[in-house]
1. In deg cm²/dmol, rounded to 500, what helix-only [θ] at 222 nm does the chain give when every DSSP H run of at least 4 residues adds -39500 (n - 2.57) and the total is split over its residues?
2. Would you mind telling me which residue in Q45, Q19, Q32 has the biggest mean-square fluctuation in a Gaussian network model of the chain, where springs connect alpha carbons within a distance under 10 angstrom?
3. Hand me the chymotrypsin sites (Phe, Trp or Tyr not before Pro) from the chain located in a DSSP loop with no more than 12 other Cβ atoms within 10 Å, in residue order please.
4. Mind scanning K39/K67; K18/K67; K3/K49; K18/K49 and naming the pairs with a C-alpha gap bigger than 24 Å?
5. Tell me the net charge near M1. Cut-off is 10 Å between Cβ atoms, M1 excluded, with +1 for each Lys or Arg and -1 for each Asp or Glu.
6. If I build a Gaussian network model for the chain, linking alpha-carbon pairs within less than 10 angstrom, which residue out of E43, E60, E13 has the largest mean-square fluctuation?
7. Highest GNM mean-square fluctuation, the chain, Cα pairs closer than 10 Å: which of K49, K18, K39?
8. Net charge near F34, counting Lys/Arg +1 and Asp/Glu -1 over other residues with Cβ under 14 Å of its Cβ?
Amino acid sequence: MSKKLQELLADLENFSPKQMRTLRNNLNNRLQSFSNEYKEPKELQPSHKLYGLEEGECRELLGVVKKKLIQAKFS
């Protein structure tokens, strides 16, 4: 697990539901770009939250974000 992923997982506790939904959308878009067979995924700016994350790390983070959104919805 990369340092960047660990930082994002720790920061999730402080995210609002809107920020979580935005992160979920960003992760889905990033995973879509990884699965595109015709092009390499776009390089992200160093200031982007997902900068430096590989496909597996994005999938792992997406799973955590989805669980937290469901928990927030039913609490």
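1. Numbers: 3 runs with 47 residues, N = 75.
Per the formula, -20500 deg cm²/dmol.
2. Fluctuation is largest for Q45.
3. Values: sites: F15, F34, Y38, Y51, F74; in loops: F15, Y38, Y51, F74.
For chymotrypsin sites (Phe, Trp or Tyr not before Pro) across the chain that sit outside H, G, I, E and B with at most 12 neighbouring Cβ atoms in 10 Å, the list reads Y38, Y51, F74.
4. Details: K39/K67 31 Å; K18/K67 15 Å; K3/K49 12 Å; K18/K49 15 Å.
Where the Cα-Cα span goes over 24 Å, the pairs concerned are K39/K67.
5. Details: positive: K3, K4; negative: E57, E60.
That works out to 0.
6. So, out of E43, E60, E13, the one fluctuating most is E43.
7. Highest fluctuation among the options: K39.
8. Values: positive: R30, K39, K42, R59; negative: E37, E40, E43, E54, E55, E57, E60.
Here the count lands on -3.
Laboratory data are not the source of any read-out in this text; all were calculated from the coordinates shown. What you see is a predicted model, and the numbers here were worked out from it, not measured in a lab. Don't worry about glycine lacking a Cβ; one is built from the backbone with ideal geometry, like all the others, and counts go over all protein chains shown.
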